[in-house]
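The structure follows.
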Amino acid sequence: MNCHGAGGRGDGPAGKMLTPPPADLTGPKTKAKSDAEVLKTIREGRAGTAMVGFKGQLSEQETSALLSYIRSLSK
Ligand code: HEM
């Protein structure tokens, strides 16, 4: 992952130039977010950040699989 990094820690090469930086998906902030909130961010992105929404590019199944993957990172 160019932004969030191979391990999802927000340390990807492209992320270094971004403000705010990509979220550390392995950290307590993301862990504290509900599944609905995380899915919303993946689908719709986050205004004011480089996080774009992937609605239309990812199927619902792929989006749910990404949620499970993100959750596995903070286990
Ligand atoms: C399929 C690919 C991606 C997934 C699944 C993903 C997932 C996420 C999630 C779940 C969050 C919210 C985390 C939280 O609030 O704790 C987030 C935030 C963010 N992501 Fe991504 N992301 C992806 C691709 C990218 C890319 C390509 C970029 C850079 C161009 C990026 C940059 C960011 C940024 C800047 C934030 C906001 C951090 C903040 O609000 O402080 N993401 N991402």
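The values are calculated or read from the model by the stated rules, or taken from the named source; none is laboratory data. Bear in mind that the values here come from a model prediction, so they are computed numbers and not experimental data. Methodologically, a virtual Cβ is constructed for each residue, glycine included, from the backbone with ideal geometry; neighbour enumeration extends over all protein chains shown. Just so you know, the surface numbers come from the protein's heavy atoms only, side chains and all, with ligands and any DNA or RNA stripped out. Shrake-Rupley method; radii C 1.70, N 1.55, O 1.52, S 1.80 Å.
Quick one: which residues, 5+ away or cross-chain, put their amide H under 5 Å from the amide H of Gly45? H built at 1.01 Å from N.
Gly53, Phe54
Restricting to DSSP H runs of at least four residues, report the calculated mean residue ellipticity at 222 nm for the chain, -39500 (n - 2.57) per run over all residues, nearest 500 deg cm²/dmol.
On the way: 3 runs with 28 residues, N = 75.
Mean residue ellipticity, 222 nm, calculated: -10500 deg cm²/dmol.
While we're on this one: Taking springs between alpha-carbon atoms closer than 10 angstrom, which of Leu58, Leu25, Leu39 fluctuates most in the Gaussian network model of the chain?
In the Gaussian network model the winner is Leu58.
Heavy atoms only, probe 1.4 Å: what % of the accessible area of region 25-73 goes to carbon and sulfur, would you let me know? Please report the intermediate quantities before stating the final value.
Details: 1870 of 3230 Å².
After summing per-atom areas, the C and S share lands at 58 percent.
Under a point-charge model restricted to the Cβ atoms of Lys and Arg (+1) and Asp and Glu (-1), what is the dipole moment magnitude of the chain relative to its Cα centre, in debye to the nearest 20?
Details: 11 positive and 7 negative charges, 39 e Å.
It comes to approximately 180 debye.
Additional query: What is the gain in length, in nm to one decimal, between Arg46 and Tyr69 on full extension, counting 0.36 nm per residue of separation less the C-alpha to C-alpha distance?
6.3 nm
Express in nm, to one decimal, how much length is gained between Thr19 and Lys31 on full extension, taking 0.36 nm for each residue of separation and deducting their alpha carbon distance. Mind dumping the intermediate values first?
Working: separation 12, 0.36 × 12 = 4.32 nm, distance 2.12 nm.
So the extension gain works out to 2.2 nm.
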